[in-house]
Amino acid sequence: MKIKILVFGQLSEIINASELELLAINNTDELNKKLFELYPKLEDIKYTLAINKKIIHENTQLYHEDIVALLPPFSGG
Amino acid sequence: MTEKKKHKVFIQGTITPTFIADSIAKHSGKTTIGAHDIFLGQVRNDLIDNKTVAAIEYSAYEEMAENLFHEIREAIFVKYDIVCMHIYHSLGLVKTGEICLFVFVSAKHRKDAFDACRDLVEQIKAMTPIWGKEIFEDETHTWKINN
């Protein structure tokens, strides 16, 4: 069970990468918990998650090879 | 007739006045149009903590943004009586005073053009995964937050 994480905006400065892979994560609550363990500063920034390009707002099951994006507040235009 | 094909939104660097002029000129053959409304976003020299913004470097989750632009366009076509619309957004570095967003809506009548254009710009700002890194004159930076 492997998921790919895409990191954008200011979050890429905290994680110091634009992509990472995590193993054995079953859902998005577990993912956030793991990310906070690895990168405590993430807890200071509001972000939303998108799974395979769709934004989710509740804890969601993850599957092998899902692509999860960490999206800080948008600032286009 | 409406124009609904998926088109490319992102442009590397600033959107030039020439590009905008050419885009306007391309509509002269579409004679059912009676009103164009154009929104241009320009990079502003905000003063933040006594430092002046010199440029914004835009990045995006491009694939997701392209999908969202497509969905937003489809919904706007359903909601308003418009003939065509075009959206262009910069990626990479855009200096203050340069254009970073070009939204162009054409309709038979002005009301639809105005309403659709405003709606479109608001949705782009709120919904599309694009980020602006504000670069100061001293080369430090901060991350822009949309109001």
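The values are calculated or read from the model by the stated rules, or taken from the named source; none is laboratory data. Because the structure is predicted, anything quoted here is derived from the model rather than measured. In this analysis, Cβ positions are derived from the backbone assuming ideal geometry, glycine residues included, and neighbour counts consider all displayed protein chains. Remember, those area values only see protein heavy atoms, side chains included, never the ligands or the DNA or RNA. Shrake-Rupley method; radii C 1.70, N 1.55, O 1.52, S 1.80 Å.
Could you tell me whether any residue of region A:37-44 is modelled with pLDDT of 95 or more, open to solvent by 20 Å² or more (accessible area, probe 1.4 Å) and either within 10 Å of another protein chain (Cβ to nearest Cβ) or within 11 Å of the chain's Cα centre (by Cα) (or both)? There is no residue in region A:37-44 that is modelled with pLDDT of 95 or more, open to solvent by 20 Å² or more (accessible area, probe 1.4 Å) and either within 10 Å of another protein chain (Cβ to nearest Cβ) or within 11 Å of the chain's Cα centre (by Cα) (or both). Among the residues of region B:35-93, those identified as part of a helix (DSSP H, G or I), hydrophobic (A, V, I, L, M, F, W, C) and open to solvent by less than 10 Å² (accessible area, probe 1.4 Å) are B:M64, B:A65, B:F69, B:I72, B:I76. Selection of region A:45-77 for residues being assigned to a loop (DSSP other than H, G, I, E, B) and crowded, with 17+ Cβ neighbours inside 10 Å yields A:Y47, A:L62, A:D66, A:P72, A:F74, A:S75, A:G76, A:G77. When B:D119, B:D138 are checked against the criterion of being open to solvent by 40 Å² or more (accessible area, probe 1.4 Å) and more than 9 Å from chain A (Cβ to nearest Cβ), B:D138 stands alone in meeting it. All of (1) away from every other protein chain (no Cβ under 14 Å); (2) within 10 Å of the chain's Cα centre (by Cα); (3) surrounded by 18 or more Cβ atoms within 10 Å (Cβ to Cβ); (4) not in a helix (DSSP H, G or I) hold for A:L31 with one exception: (4).
For region A:52-77, give me the residue count where each residue is among the β-branched types (V, I, T) and within 11 Å of another protein chain (Cβ to nearest Cβ).
2
All of (1) within 14 Å of chain A (Cβ to nearest Cβ); (2) of a type in the set (D, E); (3) touching a residue at least 60 places away in the same chain (Cβ under 8 Å) hold for B:E63 with one exception: (3). The residues listed here are B:T52, B:T2; of these, the one that is at pLDDT 95 or above and polar (S, T, N, Q) is B:T52.
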